[in-house]
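Chemist: Sending over a structure as C-alpha cells; questions will come in a sec.
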Amino acid sequence: MKKKALSLFLVAAMVASMTGCGNNKTEGNSNNAATTTDNKADTEATADASSDDEEEITCDLTVWSPAEDQAEDQGNWLPKMCEQFAAQHPNWHINFTYGVCPEGEAKANVTQDVDAAADVYMYANDNITDLVSNNALAKLGGSALEAVQSTNSQAIIDSVSIDGSVYGFPFTTNTWYMFYDKSVFSDDDIKSLDTMLEKGKVAFPLTNSWYIASFYVANGGTMFGDDQMDESAGIDFSGDKGTQVTDYLVDLAANPNFVNDADGAGIAGLRDGSIKAMFSGSWDAASVKEALGDNMGVAALPTVKINGNDVQMKAFAGSKAIGVNPKCENQQVAIALAQYLASAEAQQAHYDDRGVVPCNTDLLAQDAIQADAVVTAQNDTFDNTSITQPFVAAMSNYWTPAENMGKAIVNGEVTHDNAADQTEKFNTAMNTSEAENATE
C-alpha cells in the first residue's frame, strides 16, 4: 500500500475469450456517483449458490488489479485465476475485461466515476472509508461474510470493517519491516537500530510519510486514540514526547551511516554493497534477495534509543482486499469471483507467482510458508511491532505534513534549536484539514 494515489490508472484492453452480453451499469457522472445512494449498497452481497445449481448467466465483468498481477513474466496471476474461476462455474459465461489500478489508488480511480469503474477491484484497506462513503464497496453477507470470518484473524477482519460491517475479501497483510545483510549484523545487532548504525550504513525512507510516524508512535505519540479509529482524538505528537523524537531524527539524519531511502537508494546500495540494511516490504523481497543472496536477513522492526530509553518502532499495518462495486449488474457473479480471488487457492498462486504474503489462516499454518523469513517478518511486524493504519477521514490530513517534516529534517531545516517549535507546528498541521493547510 502506498500512502497516496500517484497516477491515474491505465485501463488495459485484455478480454478473455468467453461469450458475454454486456453489464448494463447505470449511466451517470462522477458527482452523482459520489452522492447518490444505490439500493444495492444497502443489500448484503452474498454468493450462496453452488456451481451445481447455478442458473445460466451470461455477463461482462471488468476486473482491476495492479499491472504486476497481469504481467506474463510474473505469472499472469489475475487472468489465470479468472479463467480457473470460470472453469469452476460452467453455467456462467463470463466476458472478462482487465484494467490496471494499483491497490493504493483504488479510492481515487473508483470514486472518480463509480458507475464506470470496475465490477471487481483490489484496494488497500486505508481506502475503505472513502470507498464506502462514495457507495463504491458492497457490504458482505451470507456465505461471503462467513468465508472472510472463517479464514482470517480478527485483526485482518477489522481492517476491512466499518461499524461492524465487512466490505471486502482480504488477501494479504500490508506493512513494512527490515531487510539486512546477515554477514554484517548479528541476531543481537538487529534488535537496535542504533547498534546497527555503528556497524554499517542503513537506509530508511525518512521523507516518506508512511514510515516516519513509526518513531513518534514509538515514544508515546498517538493517532486517533488507542484503536486508531477515534477521529475526535486526533493525532498527538506534541510536547516533550514529540520533541524528543524530532531531536533523535535530527541526529539520525546527520549520522554518516544513515541514508535517506528515496528514489531507490536502498536497493541500489544493497546491490553495490554500500548499504547493509533497508526498510521496506514484501514487494522488494525479490530484489533484496537478488542483491544479498544467502546473506539476506529479514526481521521485524528494531528499537531506537530516544531520550535515553529503548523504545519500539511501530509500522503502519493494514491489509489489501478484493472489493465489489455495488453498481455491478451481476452481484452474484462478482461476489463469487472476489471471494475466489481471495481464496486459499488464489492466495497460494499469488504467493507462488509474486511472493504476495497470504493472510488465509490455513495457508499460514503450512510448514513451507511458515519457513519463509519474509512471511515470518511480515506477520511478526503485523502482530507485534505495528499499529493499525488509521482509515478515519481525518487521516488524509496527516500525509503531506509528515512528508514535509521528513524533508525538513533531512535537509537540515529542523535543528535541535528549533525542534520543539517545529514539532508543534507539525502537530498542528496534522490536525488541520487539507483545505485549511492550503490557505495558510
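The values are calculated or read from the model by the stated rules, or taken from the named source; none is laboratory data. Just so you know, these numbers come straight off a predicted model, no measurement behind them. Because the Cβ atoms are built from the backbone with ideal geometry, glycine has one as well, and the counts that use them run over all protein chains shown. Side chains included, ligands, DNA and RNA excluded: accessible areas come from the protein's heavy atoms. Shrake-Rupley method; radii C 1.70, N 1.55, O 1.52, S 1.80 Å.
Chemist: Could you please let me know if Thr97 is open to solvent by 10 Å² or more (accessible area, probe 1.4 Å), at pLDDT 95 or above, touching a strand residue (DSSP E or B) at 6+ places or on another chain (Cβ under 7 Å) and over 22 Å from Ala321 (Cα atoms)?
Modeler: Numbers: open to solvent by 10 Å² or more (accessible area, probe 1.4 Å): yes; at pLDDT 95 or above: yes; touching a strand residue (DSSP E or B) at 6+ places or on another chain (Cβ under 7 Å): yes; over 22 Å from Ala321 (Cα atoms): no.
When the stated conditions are applied, Thr97 does not pass them.
Chemist: I've got another one for you. From the residues in segment 169-202 that are more than 18 Å from the chain's Cα centre (by Cα) and more than 22 Å from Thr376 (Cβ to Cβ), which one is surrounded by the most Cβ atoms within 10 Å (Cβ to Cβ)? Please lay out each step first, then the result.
Modeler: Start the filter on segment 169-202 by keeping residues that are more than 18 Å from the chain's Cα centre (by Cα), which leaves 179-202.
Subset that is more than 22 Å from Thr376 (Cβ to Cβ): 194, 197-201.
Working: Asp194: 16, Leu197: 18, Glu198: 10, Lys199: 15, Gly200: 17, Lys201: 21.
The qualifying residue surrounded by the most Cβ atoms within 10 Å (Cβ to Cβ) is Lys201.
Chemist: Next question. Return yes or no: is Gly355 modelled with pLDDT under 95, open to solvent by less than 50 Å² (accessible area, probe 1.4 Å) and in contact with a helix residue (DSSP H, G or I) (Cβ under 9 Å, 6 or more places away or on another chain)?
Modeler: On the way: modelled with pLDDT under 95: yes; open to solvent by less than 50 Å² (accessible area, probe 1.4 Å): yes; in contact with a helix residue (DSSP H, G or I) (Cβ under 9 Å, 6 or more places away or on another chain): yes.
Considered against the rule, which asks whether it is modelled with pLDDT under 95, open to solvent by less than 50 Å² (accessible area, probe 1.4 Å) and in contact with a helix residue (DSSP H, G or I) (Cβ under 9 Å, 6 or more places away or on another chain), Gly355 comes out as yes.
Chemist: Next question, about the same structure. Looking for something modelled with pLDDT of 60 or more, over 30 Å from Ala286 (Cβ atoms) and open to solvent by 50 Å² or more (accessible area, probe 1.4 Å) - is there at least one such residue anywhere in segment 65-81? Even if it seems obvious, please write down each step before you answer.
Modeler: The initial filter retains those residues of segment 65-81 that are modelled with pLDDT of 60 or more, namely 65-81.
Those left that are additionally over 30 Å from Ala286 (Cβ atoms): none.
Looking through segment 65-81, none of the residues is modelled with pLDDT of 60 or more, over 30 Å from Ala286 (Cβ atoms) and open to solvent by 50 Å² or more (accessible area, probe 1.4 Å).
Chemist: Now for a separate question. Provide a single number: the residues in segment 125-167 that are at positive phi and modelled with pLDDT of 95 or more. Steps first, please.
Modeler: First, pick out the residues of segment 125-167 that are at positive phi: 135, 142, 163-164.
Cutting the leftovers down to modelled with pLDDT of 95 or more gives us 135, 142.
Qualifying residue count for the region: 2.
Chemist: Say we look at segment 229-243 and pick out the residues that are of a type outside the set (Phe, Trp, Tyr) and crowded, with 22+ Cβ neighbours inside 10 Å; which of these is nearest to Gln312 (Cα to Cα)?
Modeler: Step one: list which residues in segment 229-243 are of a type outside the set (Phe, Trp, Tyr), which gives 229-236, 238-243.
If we keep only those that are crowded, with 22+ Cβ neighbours inside 10 Å too, we end up with 235, 242.
On the way: Ile235: 19, Gly242: 15 Å.
Once the filter is applied, the top-ranked residue is Gly242.
Chemist: Considering only segment 267-284, state which residues are surrounded by fewer than 23 Cβ atoms within 10 Å (Cβ to Cβ) and under 19 Å from the mean Cα position of the chain (by Cα).
Modeler: Ser280, Gly281, Trp283, Asp284
Chemist: In segment 156-185, which residues are over 21 Å from Phe279 (Cβ atoms) and not hydroxyl-bearing (Ser, Thr, Tyr)?
Modeler: Listed by number, the residues that qualify are Ile156, Ile157, Asp158, Val160, Ile162, Asp163, Gly164, Val166, Gly168, Phe169, Pro170, Phe171.
Chemist: Identify, please: which residue in segment 410-440 is within 20 Å of Ala393 (Cβ to Cβ), open to solvent by 60 Å² or more (accessible area, probe 1.4 Å) and not in a loop (DSSP other than H, G, I, E, B) and is, among those, modelled with the lowest pLDDT?
Modeler: Top of the filtered list is Thr439.
Chemist: Please determine, by comparing only the residues of segment 250-283 that are among the aliphatic types (A, V, I, L, M) and part of a helix (DSSP H, G or I), which one is nearest to His350 (Cα to Cα). I'd like the intermediate steps shown before the answer.
Modeler: To start, the set of residues in segment 250-283 that are among the aliphatic types (A, V, I, L, M) comprises 250, 252-254, 259, 262, 265, 267-268, 270, 275, 277-278.
Adding the requirement that they be part of a helix (DSSP H, G or I) leaves 250, 252-254, 265, 267-268, 270.
Working: Val250: 40, Leu252: 37, Ala253: 37, Ala254: 41, Ala265: 27, Ile267: 23, Ala268: 26, Leu270: 26 Å.
Checking each candidate, the answer is Ile267.
Chemist: On the basis of being in contact (Cβ under 8 Å) with a residue 60 or more places away in the chain and open to solvent by 40 Å² or more (accessible area, probe 1.4 Å), does Ala373 make the cut?
Modeler: yes
Chemist: State all residues of segment 118-168 that are open to solvent by 40 Å² or more (accessible area, probe 1.4 Å), of a type outside the set (Ser, Thr, Tyr) and not in a helix (DSSP H, G or I); if no residue qualifies, say none.
Modeler: Lys139, Asp163, Gly164 - these are the residues of segment 118-168 that are open to solvent by 40 Å² or more (accessible area, probe 1.4 Å), of a type outside the set (Ser, Thr, Tyr) and not in a helix (DSSP H, G or I).
Chemist: Does segment 384-395 contain at least one residue that is part of a helix (DSSP H, G or I), over 26 Å from Val298 (Cα atoms), open to solvent by 40 Å² or more (accessible area, probe 1.4 Å) and not aromatic (Phe, Trp, Tyr)? Working first, answer last.
Modeler: To start, the set of residues in segment 384-395 that are part of a helix (DSSP H, G or I) comprises 384, 393-395.
Subsequent filtering for residues that are over 26 Å from Val298 (Cα atoms) retains 393-395.
Restricting the remaining residues to those that are open to solvent by 40 Å² or more (accessible area, probe 1.4 Å) gives 393.
Still in the running and not aromatic (Phe, Trp, Tyr): 393.
Within segment 384-395 (the criterion being part of a helix (DSSP H, G or I), over 26 Å from Val298 (Cα atoms), open to solvent by 40 Å² or more (accessible area, probe 1.4 Å) and not aromatic (Phe, Trp, Tyr)), the answer is yes, since at least one residue qualifies.
Chemist: So, one more: Which residue out of Lys314, Lys320 is open to solvent by 20 Å² or more (accessible area, probe 1.4 Å) and under 19 Å from Val148 (Cα atoms)? Show your work before the answer.
Modeler: Values: Lys314 fails: under 19 Å from Val148 (Cα atoms).
Answer to the selection: Lys320.
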